[in-house]
Amino acid sequence: MSVLQITKDNFEAEVMQSDRPVLLDFWAQWCGPCAAVAPIMDEIAQENTHIKVGKINVDEEPELTAAFGAMSIPLLVVVKNGEVANHVVGAIPKVAVLKLLEN
């Protein structure tokens with residue numbers, strides 16, 4: 001599955017009502033560490049069909065950014081059954097991102 005672009009218009013359906021865990025990547029075009037995380041998100045989306053991977057551009061989606069309290073990016077958030085299950089700020093390796101999904 002490919003990475004989804006999450007906006008305020010599809011957030012409810014794609015994230016809150018998802019029957020699978022959702023890994024969200026809060027990012028911005030100007031963010032260097034975000035660029036380092038992007039290929040990891042693509043790999044995880046392709047390799048793991050039991051989860052959804054979505055990206056939220058903090059510059060284009062200020063309401064979602066505020067709702068999650070994203071003060072620093074990249075911010076990775078795992079949402080399960082409509083609830084935040086885990087999160088981490090900063091660029092982390094793929095193995096650490098996968099570990100976020102396990103908890």
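Of the set (1) open to solvent by less than 30 Å² (accessible area, probe 1.4 Å); (2) within 17 Å of Asn86 (Cα to Cα); (3) out of contact with any Leu (no Cβ under 7 Å at 6 or more places or on another chain), all apply to Cys34 but (2). In the range 5-31, of all residues being part of a strand (DSSP E or B) and open to solvent by 40 Å² or more (accessible area, probe 1.4 Å), the one that is farthest from His87 (Cα to Cα) corresponds to Gln5. Among the residues of the range 45-56, is any in a strand (DSSP E or B) and open to solvent by 60 Å² or more (accessible area, probe 1.4 Å)? For the range 45-56, residues in a strand (DSSP E or B) and open to solvent by 60 Å² or more (accessible area, probe 1.4 Å): absent. Filter the range 69-103 down to the residues that are at pLDDT below 95, part of a loop (DSSP other than H, G, I, E, B) and of a type in the set (A, V, I, L, M), then identify the one that is nearest to the chain's Cα centre (by Cα). Restricting to residues being at pLDDT below 95, part of a loop (DSSP other than H, G, I, E, B) and of a type in the set (A, V, I, L, M), the top hit is Ala70.
The values are calculated or read from the model by the stated rules, or taken from the named source; none is laboratory data. Bear in mind that the values here come from a model prediction, so they are computed numbers and not experimental data. Glycine also receives a Cβ, built like all others from the backbone with ideal geometry; neighbour counts cover every protein chain displayed. Quick note on the areas: whole protein, heavy atoms, side chains included, nothing else; ligands and nucleic acids left out. Shrake-Rupley method; radii C 1.70, N 1.55, O 1.52, S 1.80 Å.
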